[in-house]
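Input: a single structure, listed below in structure tokens.
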Amino acid sequence: PTGDSSMVLQAQEEIIEMKDVFSVKLKRRRFVGQKKGGTLLGITIFKCLNKEGNKLTDCAVHLNNLSEDHCQSWFRHLKEILNGFQNRPKSLKVFVNPSSHKREATHVYYEQVAPLFKLADIKTDVTVTEYEGHALAVLKECELQAFDGVVCVGGDGSVSEVAHGLLLKAQIDAGKDTDYIPTPVRAPVPLGVIPAGTTNTLAHTLYGIKHAVTATLHIVMGHIQPVDVCTFSTPSKLLRFGFSAMFGFGARTLALAEKHRWMPSSQRKDFAFIKTLADLKPEECELSFLPLQIPQEDSRENDRKKKAKIKKKGSKDQWHKIQGHFLNVSIMAIPCLCSMAPRGLAPNTRLNNGSMALILVQNTSRTEFIKHLKRYASVKNQFNFPFVETYTVQEVKVQPRPKSGHDAKENTYLNPASAEGNYPWNIDGDLMKEASEVHVRVHPQLINLYGVNTDDLESSQATCNCI
């Protein structure tokens, strides 16, 4: 500092915690057209700022000093501190889906995301996907050890494909049989989600809002959140890794929307929703599920009795079976927040509690079903209906029962896919058709996602370096 010391004492003091800083740059004065060199003026610190409503933004703090040695010393030491944060990525593999929502993903990435990655000195390898399955094909051949993380810019379907590809690649690298995976290995690198789709369920669940800059800063800052993942399998093969699924109304709505791809995204989804609601029909199926086993602290004697009882009872008796007609079946390992369901589609589950929410909507009138759907948009309990049942489970098996006679003919007109024996599933916004039994298992903390809960951010402030 130069000048009168009394002026220095009157300056306002500000404390910056280094956990909030993501970049430090030398500040120079350059002439027009000059790209290198220039008079050194000081350094600029870029920090992540918490705004209201879970939103993050970046801001710059300028420190001025004309001593080049002094500036270089500060710059070097601050860079050393930043390099000490373990989870912050240095290199990322990025997938951009240009077809997401209103074809805005490319613009979102290059205008809002890429500049922050560059500012944080993160190297990127970008693939702009050209067709469905492109990201999966690239990931199968990708050398993931060259990257600190994988990022997807797109909607729920794009994120689901990248997450599936990332986990499938982990099984291949581990030498596992990808047809049947009872105990999958964890993803080797975290996954970042930049929302650029219509609903952005996973992004809302991770960040609380749809905001590309907030998602980018969570990635830059290396905020890691372990998340449970489900495997969706038939008796003979693995179908998909995913976070949530719907069978019945939610799946048939998506199937109808996919047939009208020529329509704009929002119109297509509104049309499919109204049409499926008008043609509301239940699916007959048999459901088997294994309830979550909650360990309890018992005495040794009670433990011995419990083990003997389990051994005598046998594992088959632990499964519960329900057979009937269901309008919708939801199986979700995450809360699935979105703008249309602020409490989440499955508000009673968490990102990493090792369980799934099984939500069964039995056959009822269209009026009552609409009342149930409307509850999702409010703070009221959407499950407080006599025809809705919820369970906390570890595994679920869904076995559809083919329709026959007059019901089959009617179903052919309303839903040709199920009439052919292929029943639609909505897995993370992706359509999948299966004829046989689908077995869903939850695998605790199988993948790390960039993003943290607000409580986690607040509790970490006590263990940070600061200047």
In the stretch 38-107, trypsin sites (Lys or Arg not before Pro) in a DSSP loop with at most 15 other beta-carbon atoms within 10 Å: 51, 55, 90, 102, 103
Calculated P(r) of the stretch 18-84 - Cα pairs past 17 Å, %: 50 percent
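Dividing the alpha-carbon radius of gyration of the stretch 4-147 by 2.2 N^0.38 Å (N being the number of residues), what value is obtained? It would help to have the intermediate numbers written out before the result.
Numbers: Rg = 19.8 Å, N = 144, 2.2 N^0.38 = 14.5 Å.
Computed over Cα atoms of the stretch 4-147, the ratio equals 1.36.
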Local net charge near residue 236, Cβ-Cβ under 13 Å (Lys/Arg +1, Asp/Glu -1): -3
Positive-end residue, the stretch 18-84 charge dipole about Cα centroid, Cβ charges, pick of 32, 21, 74: 32
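Per residue, how much accessible surface does the stretch 18-84 expose to a 1.4 Å probe? Answer in Å², no decimals. Show your work: numbers first, answer last.
On the way: 4220 Å² over 67 residues.
Result: 63 Å² per residue.
Between beta-carbons, use under 15 Å as the cut-off and find the net charge around residue 128, counting Lys and Arg +1, Asp and Glu -1.
On the way: positive: 93, 103; negative: 104, 111, 125, 130, 132, 161.
Here the charged neighbours net out to -4.
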Entries in 237/397; 176/397; 281/380 that, when Cα-Cα distance is taken, lie over 19 Å: 176/397; 281/380
Å² per residue, accessible surface of the stretch 181-302 at 1.4 Å: 38 Å²
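Please count, across the stretch 18-84, the pairs of lysine residues with Cα atoms under 12 Å apart that sit 8 or more places apart or on different chains. Write down the numbers at each step before the final one.
Details: 19/47; 25/47; 25/79; 27/36.
Lysine pair count for the stretch 18-84: 4.
The values are calculated or read from the model by the stated rules, or taken from the named source; none is laboratory data. As the structure is a computational prediction, the values presented were derived from the model and not from experiment. Don't worry about glycine lacking a Cβ; one is built from the backbone with ideal geometry, like all the others, and counts go over all protein chains shown. Calculation scope for accessible area: heavy atoms of the full protein, side chains included, ligands and nucleic acids excluded. Shrake-Rupley method; radii C 1.70, N 1.55, O 1.52, S 1.80 Å.
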